[in-house]
Amino acid sequence: MRIDKFLKVARLVKRRTVANEICSLGKVTINGRVVKPSSEVKEGDIVEIHFANKSTRVEVVSVAENASKAEAAKMIKIIG
């Protein structure tokens with residue numbers, strides 16, 4: 001699944017266009033590598049998002065095309 005879509009489905013970012021923009025600005029990494037919005041994310045990857053002065057790091061537990069709020073919480077494991 002594309003990283004921009006994953007960020008939206010996992011509810012880490014409110015809108016996919018916002019996810020696309022932060023990826024384009026180089027504020028998202030997968031396994032320590034800066035990625036583009038079209039980069040693929042898979043189970044076991046470590047995703048880090050750098051917002052203004054805050055950083056969120058999560059491990060991808062599962063990938064699903066659609067997810068309810070409860071399912072979205074199970075898609076990731078917050079690392080720090």
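Where a number appears in this text, it was derived from the coordinates with a stated rule and is not lab data. Note that the structure is a prediction, hence the values are computed from the model and not measured. Quick reminder, even Gly has a Cβ in these numbers, built from the backbone with ideal geometry, and neighbours come from all protein chains shown.
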- For the chain, what is the calculated [θ] at 222 nm in deg cm²/dmol (nearest 500), taking -39500 (n - 2.57) for each run of four or more DSSP H residues and dividing by its residue count? -7500 deg cm²/dmol
- 1/(1 + (r/R0)^6) with r = Cβ-Cβ of Ile79 and Arg11, R0 = 22 Å, i.e. FRET efficiency to nearest 0.05, evaluates to 0.85
- Item | Extension gain, Glu21 back to Val34 (0.36 nm per residue minus Cα-Cα distance, nm) | 3.3 nm
- Query: Which is the longest run of the chain containing none of the GluC sites (Glu not before Pro) found in DSSP loop states (not H, G, I, E, B) with at most 14 other C-beta atoms within 10 Å?
  - Reply: 1-42
- Note the count of lysine pairs whose C-alpha atoms are less than 13 angstrom apart in the chain, limited to pairs 8 or more residues apart or on different chains. 7
- Give me the number: length gained by fully extending Ser68 to Thr56, i.e. 0.36 nm times residue separation minus the C-alpha to C-alpha distance, one decimal in nm. 2.2 nm
- Query: Got a sec? Charge dipole of the chain, +1 on Cβ for Lys and Arg, -1 for Asp and Glu; which of Ile46, Ala67, Val34 is way out at the positive end?
  - Reply: Ala67
- Message: From the alpha carbon gyration tensor of the chain, can you work out the equivalent ellipsoid semi-axes (sqrt of 5 times each eigenvalue) and give them in Å, largest to smallest?
- Response: 17, 13, 12
